[in-house]
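J.: Here you go, one structure.
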Amino acid sequence: MSTPDKYEEILPCGGTLMITKARWAIEYYFPGPDKRYKFTFVDLAGARIQQYIQAFEENWKEFEKLKSITPKGGEFTKVGKMNMTIRVGGDLQGVCIDSYHMPVSDRKKLDEILEGYRYAMKKAPQVQAWFTSL
């Protein structure tokens, strides 16, 4: 919910764009599997979004490479750039933004996420300029 000093927008990439006069970020909230588990909150600071875009691209290339060399039925997990998880095989296969959260296993989904990040990089300065003009 946007207020006079904070702008919020749900992005198609699954995160929420949060903008204030001083900072912006893309935030993700991942509930636990049930009430016994705490939620996970991931905050991607606006100043690092370009690094996340690059990391997703590099981690995707690594995922594709690992997928091609992992034996059928095999599983492999490694930590990629920006502490993302790259997982081949199993239920949560793909590039995960944090641990097992938001596994991206097809290029179309990856492109949607990156498009959302690029949109946020354009939108945030516009909203911050509007806050400054108030």
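The values are calculated or read from the model by the stated rules, or taken from the named source; none is laboratory data. Note that the coordinates shown come from a computational prediction; the quantities given were computed from them, not determined experimentally. We place every Cβ from the backbone using ideal geometry, glycine too, and count neighbours over all the protein chains shown.
J.: Here's a check for you: in segment 45-76, which residue that is out of contact with any Gly (no Cβ under 8 Å at 6 or more places or on another chain) and of a type in the set (Val, Ile, Thr) is nearest to Asp111 (Cα to Cα)?
T.: Residue satisfying both the conditions and the ranking: Ile53.
J.: Sticking with this structure for a sec: Determine if segment 72-80 includes at least one residue that is in contact with a helix residue (DSSP H, G or I) (Cβ under 7 Å, 6 or more places away or on another chain), at pLDDT 95 or above and within 30 Å of Gln128 (Cβ to Cβ).
T.: So the first thing to find is which residues in segment 72-80 are in contact with a helix residue (DSSP H, G or I) (Cβ under 7 Å, 6 or more places away or on another chain), and the list is 76, 80.
Filter once more, so that each one left must be at pLDDT 95 or above: 80.
The next check asks that each one be within 30 Å of Gln128 (Cβ to Cβ); those that pass are none.
Checked against the condition, which is being in contact with a helix residue (DSSP H, G or I) (Cβ under 7 Å, 6 or more places away or on another chain), at pLDDT 95 or above and within 30 Å of Gln128 (Cβ to Cβ), segment 72-80 yields no hits at all.
J.: Follow-up. Taking the conditions exactly as written (part of a helix (DSSP H, G or I) and free of Cβ contacts under 8 Å to residues at least 12 places away in the same chain), does Ala55 satisfy them or not?
T.: no
J.: What is the residue count in segment 1-32 for residues that are at pLDDT below 90, surrounded by fewer than 12 Cβ atoms within 10 Å (Cβ to Cβ) and in a loop (DSSP other than H, G, I, E, B)? I'd like the intermediate steps shown before the answer.
T.: Within segment 1-32, the first condition is being at pLDDT below 90, and the residues that meet it are 1-5, 12-14, 30-32.
From the residues that got through so far, the ones that are surrounded by fewer than 12 Cβ atoms within 10 Å (Cβ to Cβ) too are 1-5, 12, 31-32.
If we keep only those that are in a loop (DSSP other than H, G, I, E, B) as well, we get 1-2, 4-5, 12, 31-32.
The total comes to 7.
J.: Could you look through segment 69-86, keep only residues that are among the charged types (D, E, K, R) and under 19 Å from Ala55 (Cα atoms), and pick out the one that is surrounded by the fewest Cβ atoms within 10 Å (Cβ to Cβ)?
T.: Taking segment 69-86 as the starting set, the residues that turn out to be among the charged types (D, E, K, R) are 72, 75, 78, 81.
Adding the requirement that they be under 19 Å from Ala55 (Cα atoms) leaves 78, 81.
Numbers: Lys78: 13, Lys81: 16.
So the residue we want is Lys78.
J.: Only residues that are modelled with pLDDT of 95 or more and among the basic types (Lys, Arg): list them for segment 33-50, please.
T.: Arg48
J.: Right, something else. With the requirement that a residue be over 11 Å from the mean Cα position of the chain (by Cα) and in contact (Cβ under 8 Å) with a residue 60 or more places away in the chain, what does segment 89-112 give you?
T.: none
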